[in-house]
Amino acid sequence: MEKPDPAPAPVPPLEAKDVLAAAERFPWAVAAPDARHWPDGGDFLDVALSAVRPEEREGYIERLEAFVEEHRARLEELLRAYGPGSRPASHGRHALVGQPETLVILERMETVPFLLRGRWEEELETVFLDDLEIVWGPRIRLSR
């Protein structure tokens with residue numbers, strides 16, 4: 001008699017509060033809490049985290065931190081040019097720039113853009129994601 005295959009290991013939970021706390025550790029990439037458009041961007045974070053595949057959950061916070069460090073200059077420029085207090089922000093555009101949740105959104109945009117877009121279209125207005133895609137720009141990989 002054959003033994004049944006063992007049950008797959010449970011997928012580790014990815015706690016939004018832990019991911020948000022990690023994002024908050026990068027003050028040069030996020031606006032001050034009192035300057036943010038949404039004091040609670042939980043809906044945006046929930047959608048972005050829904051695009052983290054089960055096999056990516058373990059170690060996701062470390063991957064997010066590595067992403068932020070790798071793109072530090074780009075994120076600083078994004079916050080300066082489009083974040084709270086910028087001319088585009090004064091016109092109501094790019095409201096997600098400066099939100100800590102946006103670091104997760106941008107990481108997912110780089111890693112699984114189609115999965116993120118699909119989840120976003122199911123839950124939220126696409127204008128916010130469209131604006132981020134425009135200012136973040138295309139992902140360009142140069143090979144040598």
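Overview of values
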item	result
Length released on extending from TRP28 to LEU115, taking residue separation times 0.36 nm less the Cα-Cα span	28.5 nm
Net dipole in debye of the chain [+1 Lys, Arg Cβ; -1 Asp, Glu Cβ; about Cα centre; nearest 20]	620 debye
Prolate/oblate/rounded label for the chain (Cα gyration tensor, a/c 1.5)	prolate
Point-to-point label distance, ARG72-ILE134, nm (Cα→Cβ direction, 7 Å offset)	3.0 nm
Signed unit charges on C-beta, dipole axis of the chain, positive-most listed residue ALA66, HIS91, ALA81	ALA81
Theoretical ellipticity at 222 nm over the chain - DSSP helices of four or more residues, -39500 (n - 2.57) apiece, nearest 500	-16000 deg cm²/dmol
Distance from the stretch 18-47 to the stretch 89-107 (C-alpha centre basis), Å	9 Å
The stretch 104-125 residues near the modelled ASP40 label - backbone nitrogen below 20 Å, point 7 Å along Cα→Cβ	104-105, 123-125
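Taken together, the values in this text are just the output of simple stated rules run on the coordinates, not laboratory data. If you're wondering where the values come from, they're calculated on a predicted model, not measured in any experiment. Glycine gets a Cβ as well: all are built from the backbone with ideal geometry, and neighbour counts include every protein chain shown.
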